[in-house]
1. Rolling a 1.4 angstrom probe over the protein chains, ignoring ligands and nucleic acids, what is the accessible area of I72 in square angstrom, nearest 10?
2. Reported to two decimal places, what Rg/Rh ratio describes the stretch 185-343 when computed on Cα atoms with Rh from the Kirkwood expression?
3. Counting residues in the chain as N, plug N into 2.2 N^0.38 Å and put the Cα Rg over that result.
4. Restricting attention to the stretch 41-133, which trypsin sites (Lys or Arg not before Pro) occupy a DSSP loop and are surrounded by at most 15 other Cβ atoms within 10 Å?
5. Using a Förster radius of 30 Å, what is the FRET efficiency between T336 and H192 based on their Cβ-Cβ separation? Nearest 0.05, please.
6. Percent of accessible area on the chain owned by carbon and sulfur, 1.4 Å probe?
7. Could you compute the FRET efficiency for N328 and H212, with r as their C-beta to C-beta distance and R0 at 25 Å, rounded to 0.05?
8. Could you report the chain's accessible area per residue, 1.4 Å probe, as an integer in Å²?
Amino acid sequence: MSTSSPNILLIYTGGTIGMIKDFKTGALRAFDFKNLLKRIPELQLLDCKIDTISFETPIDSSNMNPEYWVQIAEIIETNYNLFDGFVVLHGSDTMSYTASALSFMLENLAKPVVFTGSQLPIGDLRTDAKENLITSIQVASMQYANKPIIKEVCLYFEYKLYRGNRTTKINAEHFEAFASLNYPDLAESGVHLKINKTYLFKPNLKKSLIVHKNLDTNIALVKLFPGITEVLLNNICNTPNLKGIILETYGAGNCTTEKWFINLLEKTIKNGIHIINITQCSGGSVIMGHYETSEQLIKAGVISGKDITTEAAICKLMYMLGQNISSNVFKTIYETSLRGELS
Ligand code: ASP
């Protein structure tokens, strides 16, 4: 529904943004969402209509899981035609995972879904919550010819709007908690809100929203380190029901050339388990075959995650496994950008 003043749905899942200090213990705990709005009367000054919905029990995002992802997706699905944009308030710890997951779950999304949160609770004098929340709502309200400008899942934090599935939490202390090292910022908030239109995702507007709710969590994330043992990797590769492994390798996708390692990867792939090569580096891309140390991975049938983040790699794997994609096209699809998650 597009009127002159956009309708925005604020979805509160939990996180520091809506927390208060427990007097006795000093620990932060979630509080009633209604109080969040009371604390920001400025919201009434925005040129949009805001409705709110909250998780019955708000959670610290360390407790986030695919069932909650489905809950968020269903809230968006149910309200998709009633609202012009969605702002999801979420703890920062796992925000990049949820934003990545939702980007895959919401196929043909043609409206903004903006994730935000804060490093300090909304009641704190020096809080970053207000700016993050207010600008996120503004971003979600932006329209051109009565249509939303942003048509993807993004993440707004500390004056920057990022593509959600390109982000990583890089700092537990600074207000600038996120980075998108392999993709430019979608917008920057200064005196003006500057949108980098070239970098916005352009979905096929002829197709309608499809919400995918089937995610397969039978996967593993393995970070290589010098000295990693055969027995450990062997155990991981033989985990019952395992369907895929995200392998965090060195640099541009390199790993040890020891015989046992390559043999194990070959055997695992032959057993029908997908192995995806991503880099441990925060920025840059896997280029398989660039060095001798990654050439054997190509021969073994390892999939290249290119410049995907760990968070997006995990979510893409869960999503694709949930789609029952046949193994002969799995590699090609994984290596293709589905939601702008890799270059
Ligand atoms: N532990 C909190 C959470 O992720 C931190 C935050 O909200 O930023 O829910």
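1. 0 Å²
2. So for the stretch 185-343, dividing Rg by the Kirkwood Rh gives 1.03.
3. Rg over 2.2 N^0.38 Å, computed on Cα atoms: 1.03.
4. Loop-located and lightly packed - R126.
5. Using R0 = 30 Å, I get an efficiency of 0.25.
6. 52 percent
7. Result of the calculation: an efficiency of 0.75.
8. 46 Å²
The values are calculated or read from the model by the stated rules, or taken from the named source; none is laboratory data. Here the structure is a predicted model, which means the values were calculated and not measured. Backbone-built Cβ (ideal geometry, glycine too); neighbour counts: all protein chains shown. To get the accessible areas, we keep the full protein, side chains included, count just its heavy atoms, and leave off ligands, DNA and RNA. Shrake-Rupley method; radii C 1.70, N 1.55, O 1.52, S 1.80 Å.
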